[in-house]
Amino acid sequence: MIKKIKNKILIQIRVLLRFLLKILGEPEHPECVLCKLNEMKIKNVMREAPGVFGFNINKKGVFNEFFGSKEIGVKEDRIIGKSVFELYYDNKDITESFLKAVNGDIVQKKVEIPIKKTIKHFHIVFYPYREKNVIAGVMGIAINISAEISAMEFAQKSEKQAKMADKLKTSFLANMSHEIRTPMNAIIGFSQLLEQTLPPEEFKSYVKIIDYSGNALLAIINDIIDMSKIESGQTTIIKETFDVDELVQTIVSSFAFKQKDDVDLFIQRQVFSIEPLHVYSDENRVRQILINLVSNALKFTDKGRVDVGYNIDQQNITFYVKDTGIGIPQNMIEKVFDRFVRVNDFNENNTKEKEGTGLGLTISRSLVTLLDGKMWVESKEYEGSTFYFTIPYIQKPIKKMREGENIIKEKTLKEWKFWSPKMMKVVLNYWKSDLWELALK
């Protein structure tokens with residue numbers, strides 16, 4: 001592409017040179033062909049020709065003639081009689097090319113000329129002409145190559161993006177090779193060990209490793225499939241009315257067994273009402289986004305807390321996941337949403353390898369867009385990050401519940417099937433937030 005554009009420019013320049021030579025004749029001849037041609041016709045051609053202008057500058061640098069003033073948006077009488085050094089004192093390309101041509105050189109130069117608050121690109125040929133074998137001045141022809149330059153810059157940018165995409169693809173394949181090989185080796189290796197007679201505790205430990213590795217492998221495959229569906233426009237959005245409080249609480253409690261000992265997981269309810277909040281949207285997609293954000297927050301937070309919450313206004317519900325983890329450098333904040341980019345890639349002090357495909361945030365932002373919302377992040381390196389996303393706050397009548405189901409679900413400790421310190425911590429944190437809201441109310 002770039003080579004074709006350059007060839008096109010060179011062809012145009014050669015044509016102009018031939019035209020100039022026909023006009024001027026050989027410099028050693030005292031008689032110019034220009035004198036034998038119909039001067040008025042040539043001037044009219046130069047004036048009306050799109051993308052071209054010509055000029056005649058005497059040896060002192062004063063414009064004797066200028067053809068094609070439409071091209072640069074200036075009337076001829078504002079140029080003729082003026083010095084090239086006066087008009088283009090700040091353009092060394094033009095003044096220096098003129099001086100070289102006055103000394104007998106044929107000069108070709110790409111020049112930028114400001115025209116009506118825009119910069120246009122010209123390829124100018126400066127050609128010395130002679131009278132009685134003495135250089136009397138410089139004539140020239142210029143062609144507007146702005147469109148070609150823009151096309152070349154676009155081609156170069158596209159080529160750069162293609163190389164970057166190829167580099168990302170190579171990086172992605174390398175990451176996938178590692179991410180897939182690790183759980184596969186674990187599954188195969190520990191499955192073979194299960195064939196042996198093992199103590200019950202060791203047997204359970206191997207089964208857990210196989211289960212964990214299988215889920216990790218499934219997550220990688222799901223990310224790849226989701227990304228493919230999003231890019232091909234095959235992702236479906238199924239909207240229905242659901243309980244936001246119940247959704248957030250279910251997600252947080254599902255992470256109770258996965259959170260680290262030094263990390264507390266909190267639900268922050270900023271809606272001061274005991275009534276459940278219902279919204280009309282795709283519950284499964286909102287769940288997928290929140291799970292990904294909470295998972296990332298826990299992954300990159302070794303100590304402190306992770307808050308999951310939301311607030312509402314008249315138009316939107318804004319969900320957020322806030323952590324006290326490693327944070328993101330300011331110049332890299334937008335890059336975390338790019339494909340195959342992982343947060344720990346930005347943190348030089350984070351030597352611990354974190355799992356992941358680098359597709360989670362890309363998928364999440366794409367899903368938020370499909371839900372007519374937006375997603376962004378606020379972060380300070382080494383202090384933590386807060387990821388936000390919005391969905392429209394639309395309410396519709398709730399479908400009739402099946403017998404035995406209750407819209408308002410009051411949770412007590414006795415209703416929880418699993419008892420562990422981590423689960424108790426999540427439940428109590430949730431209760432504390434409710435009690436605080438009631439106290440404020």
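The values are calculated or read from the model by the stated rules, or taken from the named source; none is laboratory data. Because the structure is predicted, anything quoted here is derived from the model rather than measured. Positions of Cβ are generated from backbone atoms using ideal geometry, with glycine treated the same way; all protein chains shown enter the neighbour counts.
Here is a list of conditions, (1) at pLDDT 75 or above; (2) surrounded by fewer than 12 Cβ atoms within 10 Å (Cβ to Cβ), and THR241 meets all of them except one; can you say which number that is? Status for THR241: all satisfied but (2).
Pairing residues of segment 98-124 that are of a type in the set (Lys, Arg) with residues that are part of a helix (DSSP H, G or I), at Cβ distances under 6 Å and at least 6 apart in sequence or on separate chains, gives LYS109/ASP93; LYS109/SER97; LYS120/SER146.
Give the number of residues within segment 107-158 that are outside any strand (DSSP E or B) and surrounded by 15 or more Cβ atoms within 10 Å (Cβ to Cβ).
Matching residues across segment 107-158 total 7.
Among the residues making up segment 270-315, those that are at pLDDT 90 or above, farther than 28 Å from GLU383 by Cα and buried (at least 16 other Cβ atoms within 10 Å of the Cβ) are HIS278, VAL279, TYR280, SER281, ASP282, GLU283, ARG285.
Residues are listed down the side, and each one gets a yes or a no for (1) surrounded by fewer than 13 Cβ atoms within 10 Å (Cβ to Cβ); (2) at pLDDT below 75; (3) out of contact with any Ser or Thr (no Cβ under 8 Å at 6 or more places or on another chain):
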residue: THR170; (1), (2), (3): yes, yes, yes
residue: LEU193; (1), (2), (3): no, yes, yes
residue: PRO200; (1), (2), (3): yes, no, yes
residue: TYR206; (1), (2), (3): no, no, yes
residue: ILE220; (1), (2), (3): no, no, no
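Residues in segment 233-254 that are in contact with a strand residue (DSSP E or B) (Cβ under 6 Å, 6 or more places away or on another chain) and part of a loop (DSSP other than H, G, I, E, B): how many? Counting residues in segment 233-254 that are in contact with a strand residue (DSSP E or B) (Cβ under 6 Å, 6 or more places away or on another chain) and part of a loop (DSSP other than H, G, I, E, B) gives 1.
Of all residues in segment 301-327, those being more than 27 Å from the chain's Cα centre (by Cα) and free of Cβ contacts under 8 Å to residues at least 60 places away in the same chain number 6.
Being more than 30 Å from the chain's Cα centre (by Cα) and at pLDDT below 85 is true for just one of ALA142, ALA147, ALA151. Which residue is that?
ALA142
Modelled with pLDDT of 80 or more and of a type outside the set (Asp, Glu): which single residue out of ILE124, ILE187 fits that description? The conditions single out ILE124. Tallying residues that are closer than 30 Å to GLY360 by Cα and either more than 39 Å from the chain's Cα centre (by Cα) or touching a residue at least 60 places away in the same chain (Cβ under 8 Å) (or both) within segment 193-218 yields 5.
Can we say LYS75 is surrounded by 15 or more Cβ atoms within 10 Å (Cβ to Cβ), more than 17 Å from VAL138 (Cα to Cα) and of a type outside the set (Gly, Ala, Ser)? Spell out how you get there, then give the answer.
Details: surrounded by 15 or more Cβ atoms within 10 Å (Cβ to Cβ): no; more than 17 Å from VAL138 (Cα to Cα): yes; of a type outside the set (Gly, Ala, Ser): yes.
Against the criterion (surrounded by 15 or more Cβ atoms within 10 Å (Cβ to Cβ), more than 17 Å from VAL138 (Cα to Cα) and of a type outside the set (Gly, Ala, Ser)), LYS75 does not qualify.
Look at (1) over 46 Å from the mean Cα position of the chain (by Cα); (2) modelled with pLDDT of 85 or more and you find that GLU76 fails only one, number (2). With respect to the stated conditions, GLU231 fails to be over 32 Å from the mean Cα position of the chain (by Cα) and of a type outside the set (Val, Ile, Thr). May I ask you to list the residues in segment 342-368 that are at pLDDT 80 or above and under 17 Å from PHE300 (Cα atoms)? Passing the criteria: LEU359, GLY360, LEU361.
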